[in-house]
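Engineer: This is the structure I have questions about; it appears just below.
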Amino acid sequence: MGGAEARSVDRATALRPPSVRGALRAWFRIGAAAVLLVPEEKSASAERGMIELLHRAESELFGSTAMRSRVVVGPPAGGQVVRLQLDDRRWPGLRYLGYGLFEGTGSEALITDAAAVPQPATVPRELGPVSLPISLRPRGSGDRITDTHHRLLGATLWLWLHLGGLGARSRRGWGSLRLAQPSPLLQGLPALRAGGPADIVNGLIQGLDRATEVFRDELPNLGIQVPPGDRPHPGLRTIDGIENITVLPGEHSTPIEALERAGRLFRDFRSTLQRQQRGERPLQDYFDVKASLQHGRPARSVDRAAFGLPLPFYFRSLNGMKTRFVPQTEDGDRLSSPLLFRVHPVHGRGDRPRYAAVLVNLEDRAAALAGQELKQEGMTGTVPTPDGRLVHDFIQWALKEAKRIAPGGGRP
């Protein structure tokens, strides 16, 4: 797990309770927004009303500027900070997924398992799971914690543990989580046990369905009436957008090797250099963005924006000319990727655990870029919003390529 600063971890507070609560709040939003729907026909007032309902629902558990949170995250214990030695030739996939944060030989990360450390590295002898107390407390003497609060927090925890993560680049597989011991908060939600790819997919789908039911059934008990509607808010990513869950072929002896394989596939699909080395044509937006710099006009397309923003381009063939694509918004220059990388245990040979990489797209059935428009820095005019097909294309390509490279599992 990486820290807030590039290539370093605060050794005194590697896991900060407010950051954990923020991650939980984000997954509560992703779950609740799947049932707080708006009409199919575009209605600005209906969409604003849905956002207000979502804010009210969030505040019931996580508080607001006017009231404190009912969710309490206590001081964590456990884990060790190590210095990584990410050799580019041995771990190109890890470096690609950790771009900007896990690079070179000076990066630090919090670890709980020696198998999750890229070698070579000096691993502390005493390692173990992180103990992270999460509980609910009344806001005051007149308040009480109900079963509804427990069930909603449990559904949120399930989503976070199975799809989310902690720390830098958690959407890219770094900071993947696994529950070491059963929790009463997860009662009634499926436990994802080590099995084959079909078991992982079925377990995740069952959990998503159950979490959706919890939000639909319990929000009205907080005074949040679930409105009749046809679709989630186009500007929010939700679990309703998930249509397919992909387990990449190949079983690996360590979780870090499974993530390396997924990262290498991601790099090989996107990188112009890697595609050319395989005798394949670069992605179309390579030509469109290059032409935009040559002719001084906005790019005709930039499909790779569907993987998240900001998106920089650099062209050696144009003497180092570069450009960057960002959301057309005043709220910042970032839009998180809809594509989630996770590592899950699978049945191993004998007593040895094995691991597989899992890909989940939050925009299978949703608007690409969460409905955001796109702009190119330094250019006047608009850039068409990609349709998101490139994310689907990558998942299908990665599935076929992983089968070709390792039909029986393991590293090539």
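Engineer: Determine, for ASP113, ASP303, the number of other Cβ atoms within 10 Å of each Cβ, and report the residues in order from fewest to most.
Structural biologist: Starting with the residue having the fewest Cβ neighbours, the order is ASP113, ASP303.
Engineer: Between TYR314 and HIS150, take the C-beta separation as r, use R0 = 35 Å, and let me know the FRET efficiency to the nearest 0.05.
Structural biologist: Numbers: r = 50 Å, r/R0 = 1.43.
That pair, TYR314 with HIS150, gives E of 0.10.
Engineer: Please give me the summed charge of the neighbours of GLN187: other residues whose Cβ is under 13 Å from its Cβ, Lys and Arg +1, Asp and Glu -1.
Structural biologist: Details: positive: ARG151, ARG210; negative: ASP147.
Neighbourhood net charge equals +1.
Engineer: In what order do VAL117, VAL35 fall by count of nearby beta-carbon atoms within 10 Å, going from fewest to most?
Structural biologist: By the 10 Å Cβ count, ascending: VAL117, VAL35.
Engineer: So for the range 138-268, averaging the separation of alpha carbon pairs under 8 Å that are six or more residues apart and normalising by length, what relative contact order in percent results?
Structural biologist: Answer for the range 138-268 is 21 percent.
Engineer: Quick check on the chain: take the gyration tensor over C-alpha atoms, sort the square-rooted eigenvalues as a ≥ b ≥ c, and tell me if it's rounded (a/c under 1.5), prolate or oblate.
Structural biologist: oblate
Engineer: As a test of the formula, what do you get for the chain when each DSSP H run with n ≥ 4 contributes -39,500 (n - 2.57) and the sum is divided by the residue count, at 222 nm and rounded to the nearest 500 deg cm²/dmol?
Structural biologist: Numbers: 9 runs with 131 residues, N = 412.
Helices in the chain give a 222 nm mean residue ellipticity of -10500 deg cm²/dmol.
Engineer: Report the Cα centroid-to-centroid distance between the range 174-229 and the range 106-136 in angstrom, as an integer.
Structural biologist: About 26 Å separates the Cα centre of the range 174-229 from the one of the range 106-136.
Engineer: Quick check: residue separation of ASP113 and GLU377 times 0.36 nm, minus the Cα distance between them. What number comes out in nm?
Structural biologist: Result: 90.8 nm gained on full extension.
Engineer: Per residue of the range 225-231, in order, report the coupling 6.51 cos²θ - 1.76 cosθ + 1.60 (Karplus, θ = phi - 60°) as ³J(HN,Hα) in whole Hz, putting x for Gly and Pro.
Structural biologist: Per residue, the Karplus-derived 3J(HN,Hα) values read 6, 6, x, x, x, 10, 7 Hz.
Engineer: Sort out for me the Cα centre separation of the range 315-361 from the range 15-38, rounded to whole Å.
Structural biologist: With the range 315-361 and the range 15-38 each reduced to a Cα centre, they are spaced 20 Å.
Engineer: Give me the distance in nm between label points sitting 7 Å out from Cα along the Cα-to-Cβ direction at ALA121 and ILE405, one decimal.
Structural biologist: So the label points at ALA121 and ILE405 sit 2.0 nm apart.
Engineer: Let me ask something else about it. Using label points projected 7 Å from each Cα along Cα→Cβ, tell me how many nm separate GLN396 and ARG83, to one decimal.
Structural biologist: Going by the 7 Å Cα→Cβ label model, 4.7 nm.
Engineer: Can you find, among PHE287, LEU265, LEU318, the residue sitting farthest towards the positive end of the charge dipole of the range 255-405, where Lys and Arg contribute +1 and Asp and Glu -1 at Cβ?
Structural biologist: Among PHE287, LEU265, LEU318, the one farthest towards the positive end of the dipole of the range 255-405 is LEU265.
Engineer: Once you charge only the Cβ atoms, +1 for Lys and Arg and -1 for Asp and Glu, what is the size of the charge dipole of the chain about its Cα centre, to the nearest 20 debye?
Structural biologist: Charge dipole, the chain, about its Cα centre: 1120 debye, nearest 20.
Engineer: Pull out a ≥ b ≥ c, the square roots of the eigenvalues of the alpha-carbon gyration tensor of the range 233-328, then state rounded if a/c is under 1.5, prolate if not and a/b is larger than b/c, and oblate in the remaining case.
Structural biologist: The shape class here is oblate.
Engineer: What does the C-alpha gyration tensor say about the overall shape of the range 255-405? Classify as rounded when a/c is under 1.5, otherwise prolate if a/b is larger than b/c, or oblate.
Structural biologist: Taking the square roots of the gyration eigenvalues as a ≥ b ≥ c, the range 255-405 is prolate.
Engineer: Another question, then. Using the count of nearby Cβ atoms within 10 Å as a rough guide to exposure, how do ILE239, ILE205 rank from fewest to most? Intermediate results must be reported in sequence, preceding the final value.
Structural biologist: Values: ILE239 24, ILE205 14.
Final ranking by Cβ density, sparse to dense: ILE205, ILE239.
Engineer: Still on this structure, I have one more. How much length, in nm to one decimal, is gained on full extension between ARG278 and ARG139, taken as 0.36 nm per residue of separation minus their Cα-Cα distance? Write out the running numbers ahead of the final one.
Structural biologist: Numbers: separation 139, 0.36 × 139 = 50.04 nm, distance 6.00 nm.
Here the answer is 44.0 nm.
Bear in mind that the values in this text are calculations on the coordinates, not laboratory data. What you see is a predicted model; the values in this text were computed from it and never measured. In this analysis, Cβ positions are derived from the backbone assuming ideal geometry, glycine residues included, and neighbour counts consider all displayed protein chains.
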